[in-house]
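The values are calculated or read from the model by the stated rules, or taken from the named source; none is laboratory data. The structure displayed is predicted, hence computed values, not measured ones. All Cβ positions, glycine included, derive from the backbone under ideal geometry; neighbour counts span all protein chains shown. Surface areas here come from the heavy atoms of the whole protein model, side chains and all, with no ligands, DNA or RNA. Shrake-Rupley method; radii C 1.70, N 1.55, O 1.52, S 1.80 Å.
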Amino acid sequence: TSFANTMGDTCFLGYNNTYLLLILKKSIKIYISLQPGRVGLIDKTYRWKFPIPYILSDNLNAKGAVYQAFEMYRLKSCVDFKPYEGEKTYIKFEKRDGCWSYVGDLQNGQVLSLGPGCDHKAVIEHELLHALGFYHTQSRQDRDDYVKIWLDQVTEGMEHNFNKYDDSFVTDLNTPYDYESVMHYRPFAFNKDPSIPTITTNIPEFFNIIGQYLDFSEMDIVRLNRMYNCSSSLTLLDQCTFENINICGMIQSSTDDADWVHLKSSPGSEDHTLSGQCRDLGYTMHFDTSTGNAEQSALLESRILYPKRKMLCLQFFYKMTGSVKDRLVIWEKTDDGTGTVRKLKKLHTVWGNSKFRFAFQGVRGDPANSGGGILIDDISLTETHCPAAVWRIQNFSSILETADYNTVLNSPRFYSPEGYGFGVQVRPLSGYSDYTGHYTGLYFHLASGDNDIVMQWPAVNRQATIVVMDQDPDIKLRMSSARSLTTDMSTGMCYQLIWDNPRTVGTFDPSCQCYRGDSVGWRSFIKHYDLHRRNYLKNDDLIIFSYCDKSVFNIINQFLSTLNKALNYTLLPNCHFNAVNSKVLLHIALASEAIHLHAVEPCFLCEL
């Protein structure tokens with residue numbers, strides 16, 4: 001057995017924000033179990049056939065993160081997963097000691113352990129890559145050209161973890177050495193002295209990068225797709241950055257009043273794709289609302305799309321610089337029953353079951369008082385669920401510069417699909433640090449809401465997931481950081497249940513006119529180093545997604561206990577889409593009402 005140590009921690013925070021109530025620091029052990037006589041990556045008998053059957057144990061706390069990891073594999077490769085239905089070969093996710101996996105398909109069922117501290121999307125991606133047949137990056141035959149292994153600093157008995165293997169045993173799939181791989185050890189893995197590394201990089205700039213636990217690197221995906229002969233994503237239906245003149249096959253309507261324009265970046269009309277990289281370069285789509293007459297419009301339609309799954313999520317960045325009366329309306333054109341895509345309806349939620357187009361309609365509101373127009377950029381359409389909420393924190397670099405350990409940011413109150421109120425708390429300077437510098441902490445809490453009287457309390461067995469978005473324009477190259485927890489019967493201050501009704505156990509917050517419960521999360525959620533290194537702070541905006549859903553086991557248990565009861569109320573909150581005079585991210589859980597975007601208060605997501 002081979003394993004590597006890495007440090008993680010979970011925290012419980014009181015909402016009064018004045019002190020840390022409890023810190024539980026956990027040592028996460030990442031194991032890979034190697035079978036004697038194995039041929040490793042080159043032996044195709046250990047390759048999986050898709051979809052891979054899986055089982056989630058009842059006591060697993062990382063179910064939300066497991067599902068997120070599954071979706072990353074579906075988005076970035078052809079690797080797919082399905083619930084176990086009696087197959088001979090499968091992966092069973094269990095909560096054992098540490099994070100570990102066998103390498104390759106053992107063909108008779110195998111365990112993948114996600115112990116305490118393993119509730120991290122990237123950790124699960126790492127372990128699944130082992131299960132798919134991959135070894136650690138520093139096991140490559142050519143590793144000495146790129147890193148130095150200091151065996152005299154390795155804990156006695158652990159030297160075998162730094163073995164390198166001949167290319168008759170493992171293959172690099174004709175890819176360069178990848179310092180950024182999610183399969184690389186961290187600099188201080190298995191070290192004797194906490195201040196002396198066991199691995200250093202021959203290019204010093206990569207020292208803080210090796211061992212990253214954000215997401216797959218670009219080369220991780222290249223290798224995975226080469227090993228399994230993947231030619232396309234399973235869930236990416238369309239994406240467009242508008243950098244090419246063909247605008248990704250989108251078309252202008254011939255029956256409207258005006259056209260969208262393929263516009264080169266300029267002050268006030270900056271391209272989002274290359275923002276922060278190149279000045280006055282890049283393109284966006286622009287509809288001028290300062291000319292013509294009120295209510296004139298332009299319709300920009302996607303190519304015809306053919307969904308395979310039932311859920312769709314449309315994501316794009318937009319900016320409205322004209323009149324407060326300007327509108328951006330999202331439409332869907334579906335098959336009219338004859339095979340022609342021409343049946344038009346406005347969107348809130350679309351359930352994909354036939355070919356369709358999506359369309360952006362810009363509408364002039366008050367040209368005489370408009371000094372600009374509507375811009376859209378970096379569109380992606382995936383066959384996945386949208387997050388329950390999106391929170392944009394502006395000017396985050398300035399916040400990092402001035403923050404101290406008492407600085408706390410609380411999100412607006414959001415609602416889960418069930419109707420629970422919840423929020424996210426950010427501590428820009430969390431108090432946790434390592435050799436790379438400081439970290440930002442993120443935490444989840446319940447909040448009182450309009451539906452509390454009909455909700456079930458305490459709210460246990462819910463999967464809460466928080467994601468800090470990497471704003472890379474190519475959704476397949478994003479390395480967003482994500483963590484997940486399962487609500488349970490844990491108690492906090494004065495032995496009150498953490499996940500009970502916030503009106504009972506929470507503290508009143510005048511900013512939301514609601515009660516917020518205690519926050520639970522992670523001091524080491526994301527490094528300041530990574531925030532600045534990648535595209536997390538494009539336009540100096542930090543964008544946070546959050547999900548709050550029933551666990552599958554809770555759904556089954558509730559169904560069985562309420563089988564003979566009638567549900568006579570609706571828990572879904574109202575939601576309105578608005579715009580602001582800056583570029584923001586919009587998700588649309590692609591049913592039948594209109595989305596109208598007005599230049600008023602920000603609202604980034606509606607979950608229907």
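Among the numbered criteria (1) open to solvent by less than 20 Å² (accessible area, probe 1.4 Å); (2) in contact with a helix residue (DSSP H, G or I) (Cβ under 8 Å, 6 or more places away or on another chain), which one does Ser411 miss?
Only one criterion in (1) open to solvent by less than 20 Å² (accessible area, probe 1.4 Å); (2) in contact with a helix residue (DSSP H, G or I) (Cβ under 8 Å, 6 or more places away or on another chain) is unmet by Ser411, namely (2).
Give the residue that is nearest to Ser233 (Cα to Cα), with candidates limited to residues of segment 460-479 that are part of a loop (DSSP other than H, G, I, E, B) and not acidic (Asp, Glu). Spell out how you get there, then give the answer.
Filtering segment 460-479 for residues part of a loop (DSSP other than H, G, I, E, B) gives 460-461, 469-474, 478-479.
Next, only the ones that are not acidic (Asp, Glu) stay: 460-461, 469, 471, 473, 478-479.
Numbers: Val460: 34, Asn461: 31, Met469: 20, Gln471: 19, Pro473: 16, Arg478: 14, Met479: 16 Å.
That would be Arg478.
For segment 260-267, state whether one or more residues are crowded, with 19+ Cβ neighbours inside 10 Å, in contact with a Leu (Cβ under 7 Å, 6 or more places away or on another chain), among the aromatic types (Phe, Trp, Tyr) and at pLDDT 95 or above.
Scanning segment 260-267, I find at least one residue that is crowded, with 19+ Cβ neighbours inside 10 Å, in contact with a Leu (Cβ under 7 Å, 6 or more places away or on another chain), among the aromatic types (Phe, Trp, Tyr) and at pLDDT 95 or above, so the answer is yes.
Counting only residues that are crowded, with 17+ Cβ neighbours inside 10 Å and either modelled with pLDDT of 80 or more or more than 23 Å from the chain's Cα centre (by Cα) (or both), give me the helices (runs of 4 or more DSSP H) lying completely in segment 491-608 with at least 2 of them.
Numbers: elements: 502-505, 528-533, 552-561.
Result: 502-505, 528-533.
Among the residues of segment 268-296, how many are open to solvent by less than 40 Å² (accessible area, probe 1.4 Å) and not in a loop (DSSP other than H, G, I, E, B)?
5
Could you go through segment 152-167 and let me know if any residue there is acidic (Asp, Glu), at negative phi and part of a helix (DSSP H, G or I). Lay out the reasoning, then the answer.
Keep residues of segment 152-167 that are acidic (Asp, Glu), which gives 152, 156, 159, 166-167.
Subsequent filtering for residues that are at negative phi retains 152, 156, 159, 166-167.
Restricting the remaining residues to those that are part of a helix (DSSP H, G or I) gives 152, 159.
For segment 152-167, residues acidic (Asp, Glu), at negative phi and part of a helix (DSSP H, G or I): present.
If you check Val154 against the conditions, is it of a type in the set (Val, Ile, Thr) and more than 30 Å from the chain's Cα centre (by Cα)? Working first, answer last.
Values: of a type in the set (Val, Ile, Thr): yes; more than 30 Å from the chain's Cα centre (by Cα): yes.
Against the criterion (of a type in the set (Val, Ile, Thr) and more than 30 Å from the chain's Cα centre (by Cα)), Val154 qualifies.
Identify, from the list Ser354, Ser397, Ser430, Ser323, the residue that is within 22 Å of the chain's Cα centre (by Cα) and either assigned to a loop (DSSP other than H, G, I, E, B) or at pLDDT below 95 (or both).
Just one listed residue meets the conditions, Ser430.
Please go through (1) crowded, with 16+ Cβ neighbours inside 10 Å; (2) out of contact with any His (no Cβ under 7 Å at 6 or more places or on another chain); (3) outside any strand (DSSP E or B) for Leu299 and return the number of the only condition it doesn't satisfy.
(3)
For Val222, state whether it is assigned by the TED database to the domain that holds Asn174 and either of a type in the set (Val, Ile, Thr) or buried (at least 18 other Cβ atoms within 10 Å of the Cβ) (or both).
Working: assigned by the TED database to the domain that holds Asn174: yes; either of a type in the set (Val, Ile, Thr) or buried (at least 18 other Cβ atoms within 10 Å of the Cβ) (or both): yes.
Yes; evaluated as a whole, the condition is true for this residue.
Using the structure shown, decide if Ser416 is of a type outside the set (Asp, Glu), assigned by the TED database to the domain that holds Gln496 and crowded, with 20+ Cβ neighbours inside 10 Å. Break it down into steps so the answer makes sense when it comes.
Working: of a type outside the set (Asp, Glu): yes; assigned by the TED database to the domain that holds Gln496: yes; crowded, with 20+ Cβ neighbours inside 10 Å: yes.
Yes; evaluated as a whole, the condition is true for this residue.
Can you name every residue in segment 102-133 that is within 23 Å of the chain's Cα centre (by Cα) and either open to solvent by 10 Å² or more (accessible area, probe 1.4 Å) or more than 17 Å from Arg223 (Cα to Cα) (or both)?
Applying the first criterion (within 23 Å of the chain's Cα centre (by Cα)) to segment 102-133 yields 112-132.
Of everything in segment 102-133, those that are within 23 Å of the chain's Cα centre (by Cα) and either open to solvent by 10 Å² or more (accessible area, probe 1.4 Å) or more than 17 Å from Arg223 (Cα to Cα) (or both) turn out to be Leu112, Ser113, Leu114, Gly115, Pro116, Gly117, Cys118, Asp119, His120, Lys121, Val123, Ile124.
Residue pairs, Cβ under 6 Å, 6 or more apart or interchain, first in segment 180-191 and outside any loop (DSSP other than H, G, I, E, B), second surrounded by fewer than 22 Cβ atoms within 10 Å (Cβ to Cβ). List them.
Here the result reads Asn191/Gln153, each pair linking segment 180-191 to a residue that is surrounded by fewer than 22 Cβ atoms within 10 Å (Cβ to Cβ).
Answer with yes or no whether Lys92 is open to solvent by less than 50 Å² (accessible area, probe 1.4 Å), modelled with pLDDT of 90 or more and in a strand (DSSP E or B). It would help to see each step written out before you state the result.
Details: open to solvent by less than 50 Å² (accessible area, probe 1.4 Å): no; modelled with pLDDT of 90 or more: yes; in a strand (DSSP E or B): yes.
The answer is no for Lys92.
Which numbered condition trips up Leu237, out of (1) in contact with a Pro (Cβ under 7 Å, 6 or more places away or on another chain); (2) over 30 Å from Lys310 (Cα atoms)?
If we test Leu237 against (1) in contact with a Pro (Cβ under 7 Å, 6 or more places away or on another chain); (2) over 30 Å from Lys310 (Cα atoms), just (2) comes out false.
For Ile203, work out the one condition from (1) open to solvent by 50 Å² or more (accessible area, probe 1.4 Å); (2) closer than 30 Å to Met250 by Cα it doesn't fulfil.
Of (1) open to solvent by 50 Å² or more (accessible area, probe 1.4 Å); (2) closer than 30 Å to Met250 by Cα, only one is false for Ile203: (2).
Residues of segment 135-169 being more than 28 Å from Lys44 (Cβ to Cβ) and among the polar types (S, T, N, Q), which ones?
Gln153, Thr155, listed by residue number.
I'm told Asn161 meets every condition in (1) surrounded by fewer than 19 Cβ atoms within 10 Å (Cβ to Cβ); (2) farther than 30 Å from Pro51 by Cβ; (3) at pLDDT below 95; (4) not aliphatic (A, V, I, L, M) except one. Can you identify the failing condition by its number?
Failing condition for Asn161: (1).
Keeping to segment 39-56, report how many residues are open to solvent by less than 20 Å² (accessible area, probe 1.4 Å) and either modelled with pLDDT under 50 or under 14 Å from Cys118 (Cβ atoms) (or both). First the steps, then the outcome.
Pass one, segment 39-56, residues open to solvent by less than 20 Å² (accessible area, probe 1.4 Å): 40-41, 48, 52-53, 56.
Filter once more, keeping what is either modelled with pLDDT under 50 or under 14 Å from Cys118 (Cβ atoms) (or both): 40, 56.
Selection size over segment 39-56: 2.
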